[in-house]
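The values are calculated or read from the model by the stated rules, or taken from the named source; none is laboratory data. On a predicted model such as this, the values are computed, not experimentally measured, just so you know. Positions of Cβ are backbone-derived with ideal geometry, glycine not excepted, and every protein chain shown enters the neighbour counts. Calculation scope for accessible area: heavy atoms of the full protein, side chains included, ligands and nucleic acids excluded. Shrake-Rupley method; radii C 1.70, N 1.55, O 1.52, S 1.80 Å.
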Amino acid sequence: MNHTRRSRPVLAVLLLLSLVLITVDHRGRQNSPLRGLRLAGAAIFGPIENAAAAVVNPVGSTVDDFTNAPSQKRRADRLQRENQRLQEQLMSSRLDKARAGQLNRLLHSAGLGGFKIVAAEVISAGQGFEDTVTLDAGSGSGIHPDMTVMAADGLVGRVTRVGPSTATVMLATDAGSQVGARLEASKEIGVLQGTGRRGLSFGTTAPLSFQLLNANAPLWPGQRLVTLGSQGDRPYVPGVPIGTVERVVKTPGSLTRTAYIRPFAHFTSLDVVAVVVAPPKSDPHDAVLPPSPRPGG
Amino acid sequence: MMTSAGASSAGRNLTAALVIVAALVVQVAVADRLPLPGSVTPDLVLLTVVALALLNGELVGAIIGFCAGLAADIIPPADHEIGRYALVYCLIGYACGLVSAEMDRSSVAPFLAVAAGGLAGMVLYAGLGMMVGDPRATWANISRLVPLSVLYDVLASPFVVWAVLRVAHRFEGGRASRPGRNDLPPLKYRAMSREQV
């Protein structure tokens, strides 16, 4: 068929072109010559996504409220003191109110740690294997790459790319994410790694794995983690709560133990988050962690 | 006759571009945020490429696939090498275009095309990721994400294919001068319009 004969060279050219693009972009990394193309993508699609989010987000929040109900209930049963607050939040029919509440708690957390933040809303999420989200604030709001992103409850991730009105955040659950973390009330440090796709497909609530650098340090379920803070406070500022150790696995033949962490932030229903635009003047240590729950209380 | 054909092909390209942009935005703003079991989401862009390729043949399929893939590579929050989706969708658009002639004979063919496309797309994308050393593309990840994502693709495909056919048909139906054309099923109509070109 004439049609087929004509289309083969086109296919070959397009495939070759995409291979060249992949190679050039891969070799260039952060300074890739194609970053202009990405910026163009952010400039074109950013406003469209923003507009779409204005329609989608209210609906999405309602859906989230329903789908999260079982897991929130389970938590509430465990922590009776939190029960009241969660129930109220679930039953609040006014989404505006819920959002204002989130923002309030966010400001409270940020205030405790002395972080200077820019609040933003999640407008879209990544495809395929990547655990990334887009925020509706960009360089126009003073956001730069390698800034810490947190929700009211805890660490969310870090900014990787910034467009004029959007910012891309790599979530802490992404398989390519590594965060330095510290155990609460101790100096034991380690590396926190994501397990990919919000870790949900493992059927667990612990999408983060944590390895202590010191093999002999005590590590048990229930301990809590905060960020250690990076050199120059970029990409991670110190003192942001991360999550609770859910279980500890000892791999035979391995020097270190691996702990699986249940994060404080709800990675499946991220909505209002904060970008830390200025680090705290001094390390807040454990000040941002919520008061520790009394066992059986 | 030539001018009307030219106008209709420009219109068809515009329709295809709009459909792709809509699919991309719905994908990142809605589908990828759904907390579905297994945290896998249907690939609406791939489904759109498959549908458009089945409608338009392999040449258009490959070009549409490449453009859609390139857009999927640069739409925030994409965080991988530019060109990965472009290559994958281009191949899938071409392959689905090749079997477009089969569409009129069998009613299950579109579903097979979607399932095969979904499987091939995920595996190819992951394979490319492994080649460039993407830490996310590990066997553990792929083996647990691929079966579910193919299932979701097949489940979502009737809606996406229907929507794409609807848009394509509406546009071309509006342009058609002869009455009665609107009554034809879109696939038959495509076969007819191809014979005339």
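Can you find a residue in the stretch B:129-144 that is modelled with pLDDT of 90 or more, charged (D, E, K, R), under 20 Å from A:GLY196 (Cβ atoms) and part of a helix (DSSP H, G or I)? No, the stretch B:129-144 contains no residue that is modelled with pLDDT of 90 or more, charged (D, E, K, R), under 20 Å from A:GLY196 (Cβ atoms) and part of a helix (DSSP H, G or I).
Within the stretch A:25-39, the set of residues being more than 7 Å from every other protein chain (Cβ to nearest Cβ) and within 25 Å of the chain's Cα centre (by Cα) comprises A:ARG29, A:GLN30, A:ASN31, A:SER32, A:ARG35, A:LEU39. In the stretch A:146-161, which residues are free of Cβ contacts under 8 Å to residues at least 60 places away in the same chain and either more than 7 Å from chain B (Cβ to nearest Cβ) or surrounded by 24 or more Cβ atoms within 10 Å (Cβ to Cβ) (or both)? A:GLY157, the sole residue that qualifies. Applying the criterion of being more than 8 Å from chain A (Cβ to nearest Cβ) and surrounded by fewer than 24 Cβ atoms within 10 Å (Cβ to Cβ) to the residues of the stretch B:20-33, the residue that is modelled with the lowest pLDDT is B:ALA31. Where strands (runs of 3 or more DSSP E) fall wholly inside the stretch A:218-297, no range has 2 or more residues that are at pLDDT below 80.
Check whether at least one residue in the stretch A:103-123 is open to solvent by less than 10 Å² (accessible area, probe 1.4 Å), touching a Leu at 6+ places or on another chain (Cβ under 9 Å), under 30 Å from B:ASP153 (Cα atoms) and at pLDDT 85 or above, and report yes or no. Within the stretch A:103-123 (the criterion being open to solvent by less than 10 Å² (accessible area, probe 1.4 Å), touching a Leu at 6+ places or on another chain (Cβ under 9 Å), under 30 Å from B:ASP153 (Cα atoms) and at pLDDT 85 or above), the answer is yes, since at least one residue qualifies. Listed conditions (1) outside any loop (DSSP other than H, G, I, E, B); (2) surrounded by 24 or more Cβ atoms within 10 Å (Cβ to Cβ) are all met by A:GLY128, apart from (1). Checked against the criterion of being without any contact (Cβ under 8 Å) to a residue 60 or more places away in the chain, open to solvent by less than 30 Å² (accessible area, probe 1.4 Å) and not in a helix (DSSP H, G or I), the stretch B:83-105 contains one or more residues that satisfy it. Number of residues in the stretch A:239-280 that are more than 26 Å from B:PRO37 (Cβ to Cβ) and either surrounded by fewer than 20 Cβ atoms within 10 Å (Cβ to Cβ) or under 16 Å from the mean Cα position of the chain (by Cα) (or both) equals 17. B:ASP43 passes every criterion in (1) within 22 Å of B:LEU119 (Cβ to Cβ); (2) open to solvent by 10 Å² or more (accessible area, probe 1.4 Å); (3) modelled with pLDDT of 95 or more apart from (3). Only residues that are free of Cβ contacts under 8 Å to residues at least 24 places away in the same chain and away from every other protein chain (no Cβ under 14 Å) were counted across the stretch A:170-189, and they come to 1. One residue alone among B:ILE64, B:ILE75 is buried (at least 24 other Cβ atoms within 10 Å of the Cβ), in contact (Cβ under 8 Å) with a residue 12 or more places away in the chain and over 17 Å from B:ALA168 (Cβ atoms), and that residue is B:ILE75.
When residues in the stretch A:226-238 are screened for being open to solvent by 60 Å² or more (accessible area, probe 1.4 Å) and either touching an Asp or Glu at 6+ places or on another chain (Cβ under 9 Å) or of a type in the set (Lys, Arg) (or both), 1 of them pass.
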